[in-house]
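Values quoted throughout were computed directly from the atomic coordinates according to the rules given, and no laboratory measurement underlies them. Predicted model only: the values in this text are computed from it and were never measured. So basically every Cβ, Gly included, is an ideal-geometry build from the backbone, and we count neighbours across all protein chains shown.
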Ligand code: NA
Ligand code: NA
């Protein structure tokens, strides 16, 4: 049969991510030659993030563009980049730590049978709520959307007095309209695209956690390529990685501006309130260490971050 | 001594019923515990929603195995049963069930490959149980199904054992050898068509088609069990067995009689009152029983004498009960309504709200255009009473039936108010049915309850198996880019939205006549929904059109279930019943067109609740 490369993603058709994946495919096809067939399945048409990981494992798909929600189905320690709240203050810190842990992380993925082609991100998670809220305690009387698959996270939230309501992504909008949930942690880009901000028009201006993702392909598909093809794919992936990161960050700012024009209220906490948030995060870390994030990776990330901040003289 | 051993063997043989019923019972209890524990903060059941979803897989696999024994696996129908002699009939059965057994063997291998890939990345579900333990029920279930299907058509113990092992093993080894290499499609398709008409279970034929399609491209066969697994662990899916359980319990207690009394009291005893009452009652009851024909069995014996007493002719009475029993599909919490929401990925509560007004529009169309309100042709010899309304009698009937009347409010209210997730709302409704019928009416014995659990597991097990296999088929269509191609083709042929809706309604009438409703939903919705969206049709609106059209399918041979149920229930030939429902079919078609052309009938209510202006 002709060579095939089949890639799945939740990203919408014709979005930035989809276009970048198509460009990568052109590079692969040119290098591969012949009747090589490149297929991208956008819009989650091959299933959600966990399902995409499964379809790669059985060999139906050769690759997927995933966020940490899907990547952790392959290698749990990746959660360190996305599930530790208020750990990263800005993209520079995320980039620095990611570059530091990248060789070891890519090795772990390789051992699990996957090659990481490109890293990307999709903005910061912020809290969108029905009522205005500024302090951690303001959220205790509210009900949070949480992914049904993230059991440890729900246990941690419950133990701190918060109320997670496990749902699927498609249930968010009706659930917030009917009052089953009143807070949705979401990136501004997703809040705009899904219209969540219409029903939850208060955004807390705190960068809770970054959404980090990667394009992975199976080791089998990678080993099937000749060294020349591998080189061409690497080259194209590096370009894709840069494009996705710079443009995605720009789209996040544009999303907030667009929502503000249509009635979004941005709530900025005072320094006093911000301190309460940091205190909450510090209380959370020991609970996350060893449950949601393996202890070893957790300590490593903390160390890199300390070094980075020391190097900047802070 | 011997009988003792035999009865023990007998109960061992029924471990599938015990397992699937226990899974269903846990699926009812766990969400209720979560509702109670949620306000108390702290710990509830570990990973409760995902645990309940995985219980759904256990329920599906073992429920289907039990359904095989009791002959509850859906097949195309006994179309060849009347043809030829006994020897031909036996050969037909051996061919159909033997082929299904081979397919089950292939599915067992494919599921095992899937489970093996999951073991490489093992996760815990809850309480230290690895997810793959639950997933392993798939290869196990398919092997059991294959063995039982193969053994079923032989009479001697030796040939039962021999064929029961040989046929599934044959499929298993064949797939182990050739998985991943491309095979020819056409021989497989011809074989499967023969298997379908010979009367093999639908799930085996759908699974066979999915296998053949993936196989011809050399794609991994494990794709099909993966799709099956993903649907059984869908967060909304537990609502299916739970609402069905509630419906079965109401159907097996005196609930039907009590509701019948209310509607007759409210609409008076005259012809028109009785007709209107019968139509609404049938719809109402079908909402809970899911249009599986149970309504005709539960209400037919009650309504036919009532209509006859009011002077309504026999054929029109049978026609009314048969056709009105098809209508509740649009009324919450019907199973097809939930199923559409799952497949189309729209919120269940929006679908519930959207179906409410169309359900009554359909009743109105049926009564008016079906000619049931015509005064001509009434039998004056009948015991016609003057139509008058007795408030005291009505109130007494309502009071007696108060628990049943409140049931839809429990189901829809808990969901629309945001108090419960779809699964929790369904568990609440099931518990409500169990508790009211046990304690308020004292009509639900332990034996009836256990029977309801087991029957529910068998019905849903059979449905979920069809659903899973059909989704494997759908996944191939997505994989091959067929929905995109369909959009392009349809748009080039039909430029206008209104013409598209007309063509759609006619196409769905034909599809409904040929396909069982659940198979139609899972196979056709993923294909047609993107096309409808490309014409700017709202997915909720499309779902209501689709289900309205499927109501016609209940009345159209060869797959029109209601005709067969009515024929059996009223002891009339199929041709007599089929002819009697022709005016109803016409009326429902007009109703479908009205709903299709006036979107506000469907979208008005959900938009109102979402705070959007419908205009
Ligand atoms: Na089905
Ligand atoms: Na049908």
Its Cα gyration tensor gives the stretch B:433-576 an equivalent ellipsoid whose semi-axes in whole Å, largest first, are 36, 20, 15
The stretch B:358-489 shape via C-alpha gyration tensor axes, a/c threshold 1.5: oblate
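Could you list B:331, B:145, B:173 so that the one with the fewest beta carbons within 10 Å of its beta carbon is first and the one with the most is last?
Taking fewest neighbouring Cβ atoms as first place, the list is B:173, B:331, B:145.
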Kirkwood estimate for the stretch A:47-96, i.e. one over the average of 1/r between Cα atoms, Å: 12.1 Å
Chain A: antiparallel bridges as % of DSSP beta bridges, rounded to 5, reads 55 percent
Average other protein chain Cβ within 10 Å of Cβ, residues B:224-234: 2
Ellipsoid equivalent to the stretch A:18-66 - semi-axes via the Cα gyration tensor, in Å: 21, 13, 8
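At 20 °C and 1.002 mPa s, grab the translational diffusion coefficient of the stretch B:131-289 from Stokes-Einstein with a Kirkwood Rh over Cα pairs, rounded to a whole number in µm² per second.
Translational diffusion coefficient: 107 µm²/s.
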Using the Kirkwood radius over Cα pairs, work out the Stokes-Einstein diffusion coefficient for the stretch B:516-584 at 20 °C and 1.002 mPa s, in µm²/s as a whole number. 159 µm²/s
Arrange the following residues from fewest to most other Cβ atoms within 10 Å of their Cβ: B:441, A:18. B:441, A:18
If you line up the long axis of helix B:497-514 against the longest principal axis of chain B, both from Cα atoms, how many degrees apart are they, to the nearest 10? 70 degrees
Please report Rg (one decimal) and Dmax (integer) in Å for the Cα set of the stretch A:199-314. 20.1, 58
As a footprinting exposure proxy, order B:345, A:55 by other Cβ within 10 Å, with the fewest listed first. B:345, A:55
Taking 1 over the mean of 1/r across every pair of different Cα atoms in the protein assembly as shown, what Kirkwood radius in Å do you get? 29.6 Å
Just counting partner chain Cβ atoms within 10 Å, what average do the residues of peptide A:52-63 show around their Cβ? 5
So what are the three principal axis dimensions of the stretch B:112-220 from its Cα atoms, in whole Å, longest to shortest? 45, 39, 24
antiparallel share of DSSP beta bridges within the protein assembly as shown, to nearest 5, in %, is 55 percent
Which angle between 0 and 90 degrees, to the nearest 10, do you get for helix B:517-534 versus the longest principal axis of chain B when only C-alpha atoms count? 80 degrees
Alpha carbons only, please: Rg and Dmax for the stretch A:97-196, in angstrom. 16.8, 46
Counting only other chains, and only Cβ atoms inside 10 Å, what mean value do you get across the residues of A:32-41? 1
Share of antiparallel DSSP beta bridges in the stretch A:77-209, in percent to the nearest 5? 55 percent
In Å, the Kirkwood hydrodynamic radius of chain B over pairs of distinct alpha carbons? 25.3 Å
Can you compute log10 of I(q)/I(0) for the stretch B:98-154 with the Debye formula, treating each Cα as one identical point scatterer, at q = 0.14, 0.28 Å⁻¹? -0.43, -0.98
Based on DSSP H runs of at least 4 residues, each adding -39500 (n - 2.57), what is the mean residue ellipticity at 222 nm of the protein assembly as shown after dividing by all its residues, to the nearest 500 deg cm²/dmol? -21500 deg cm²/dmol
Between helix B:15-37 and chain B, what is the angle of the helix's C-alpha long axis to the longest principal axis, kept within 0 to 90° and rounded to the nearest 10? 60 degrees
What number, in nm² with one decimal, is the all-direction average of the projected area of the convex hull of the alpha-carbon atoms of the stretch B:286-332? 3.0 nm²
